[in-house]
Amino acid sequence: MLLIVSRFFVPKGYSGITIFPFIILRERQNQKGTLINHEKIHIRQQLETAVVLFFIWYTIEFLVRYLMAGNKRQAYRNISFEREAYANDTNPNYLKQRSTWAFLRYL
């Protein structure tokens, strides 16, 4: 994992983005705690899905969820990858306990 701080690479309205092997944060103050843990969960998800499949799956699931909800923010929050990350980003030991393909429980 390589940490980068740059407001130019992170979409407006978001604090961070993960594109294996990089975690990119909008602000330096976000380098600790739940945001980093959230993004580390995405790193693990991307490794499990061979990175490219992660982004294909993520995009398709976003589109399906958007068609269902009609709201971009709600669609984003309901993507299985995001649901797993948000549900567990406050647990610093989650990645040690996490089973492979755990995001499937959040479909």
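Listed values, structure above:
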read-out	value
Helical contribution to [θ] at 222 nm, DSSP H n ≥ 4, -39,500 (n - 2.57), averaged over the chain, rounded to 500	-14500 deg cm²/dmol
Computed over region 3-62, Kirkwood Rh from alpha-carbon pairs, angstrom	11.8 Å
Identified option (computed Rg/Rh (Cα atoms, Kirkwood Rh); candidates (i) 0.95; (ii) 0.91; (iii) 1.27)	(i)
Share, in percent, of DSSP beta bridges within the chain that are antiparallel, nearest 5	50 percent
Debye log10 I(q)/I(0) for region 49-91, one point scatterer per Cα, at q = 0.16, 0.21 Å⁻¹	-0.42, -0.67
Taking the chain and dividing mean pair separation by its residue count, relative contact order in percent (alpha carbons under 8 Å, at least six apart)	21 percent
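Just so you know, all these numbers are worked out from the coordinates, no wet-lab data involved. Model, not experiment: these values are computed from the prediction.
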